[in-house]
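Written out below as structure tokens is the structure these notes cover.
The numbers here are math on the coordinates, done by the rules we state, and not lab data. Because the structure is a prediction, the values reported are computed rather than measured. Ideal geometry is used to build each Cβ from the backbone, glycine not excepted, and the neighbour counts take in all protein chains shown.
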Amino acid sequence: MQVIETEIPEVKILVPRRFQDSRGVFSETYSQRSFEAADIRLDFIQDNWSLSVEPGVVRGLHYQIPPFAQDKLVRVLKGAVLDVAVDIRRHSPTFGKYVSVRLSEEEWNQLLVPEGFAHGFCTLAPHTEVAYKVTGYYSPEHERGIAWNDPDLGIAWPVSGDEALLSPKDAANPWLRDVQDLL
């Protein structure tokens, strides 16, 4: 597995090895041993999957507060997304900064999003499937969100506000400056 550092050291791009021949492809997308060799020690306890039918679907920016905060390992099974992790740790030197990465089935890359970061993505292709492992169980009472298009964040999304396909819940997320219970 290749580990690629980003502008925010805690957020990492991971590229698993692929073995390809005339029959197809094999890859170990997660191995605890490989992660520990890269000094990444996490206990994933739940796998999540989403299908977005149209390009321009924006999911997020989501996070959970303790005791249900989550680290996430995000990958695309089919299609492509612009994946975003925003630092929401109030006392961090990179508070309010973000990392954005194109994840796709062709690039076979993954994004490690640690606790203390809001996460979201925008689909770039039809019928995009995203899978992610998390270190904490989903808890509706602890789920929070930040507006995907918060002008203070300045995220360069591939869609405008008129083009983005949002859930009603995500459309109502507050600006970062209005959130009280950050990590």
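In µm²/s, what is D for the range 1-41 at 4 °C and 1.567 mPa s, where D = kT/(6 pi eta Rh) by Stokes-Einstein and Rh is the Kirkwood radius from Cα pairs? Mind dumping the intermediate values first?
Details: Rh = 11.5 Å.
Once the numbers are plugged in, D ends up at 113 µm²/s.
Taking the Cα centre of the range 30-183 as reference, the dipole from Cβ charges on Lys and Arg (+1) and Asp and Glu (-1) amounts to some 240 debye.
Each of Ile65, Pro114, Pro126 was scored by the projection of its Cα onto the charge dipole of the range 59-136, and the greatest displacement toward the positive side belongs to Ile65; charges sit on the C-beta of Lys, Arg, Asp and Glu. Of all lysines in the structure, the ones whose alpha carbon falls short of 24 Å from that of Lys78, not counting any fewer than 8 places away in one chain, are Lys12, Lys133. Residue by residue through the range 75-88, what is 3J(HN,Hα) from phi via Karplus (6.51 cos²θ - 1.76 cosθ + 1.60, θ = phi - 60°)? Round to whole Hz and write x for glycine and proline. Karplus values, whole Hz, x for Gly and Pro: 9, 9, 8, 8, x, 7, 9, 9, 9, 10, 10, 10, 6, 10.
The modelled label-to-label distance for the pair Arg33/Ala172, using points 7 Å beyond Cα in the direction of Cβ, is 4.9 nm.
Largest GNM mean-square fluctuation across Phe68, Phe26, Phe117, computed for the chain with C-alpha springs under 10 Å, falls on Phe26.
The range 1-106: which trypsin sites (Lys or Arg not before Pro) are DSSP loop and have at most 14 other beta-carbon atoms within 10 angstrom? Intermediate values should be presented prior to the final figure.
Working: sites: Lys12, Arg17, Arg18, Arg23, Arg33, Arg41, Arg59, Lys72, Arg75, Lys78, Arg89, Arg90, Lys97, Arg102; in loops: Arg17, Arg23, Arg41, Arg89, Arg90, Lys97.
The qualifying sites are Arg17, Arg23, Arg41, Arg90.
Computed from backbone phi, the HN-Hα couplings of the range 144-161 come to 9, x, 10, 4, 4, 10, 4, x, 5, 7, x, 5, 7, 6, x, 9, 8, x Hz, rounded to whole numbers (Karplus: 6.51 cos²θ - 1.76 cosθ + 1.60, θ = phi - 60°; Gly and Pro given as x).
Residues whose amide H comes within less than 5 Å of that of Lys12, counting only those at least five positions distant or on another chain, are Leu112 (H built at 1.01 Å from N in the peptide plane).
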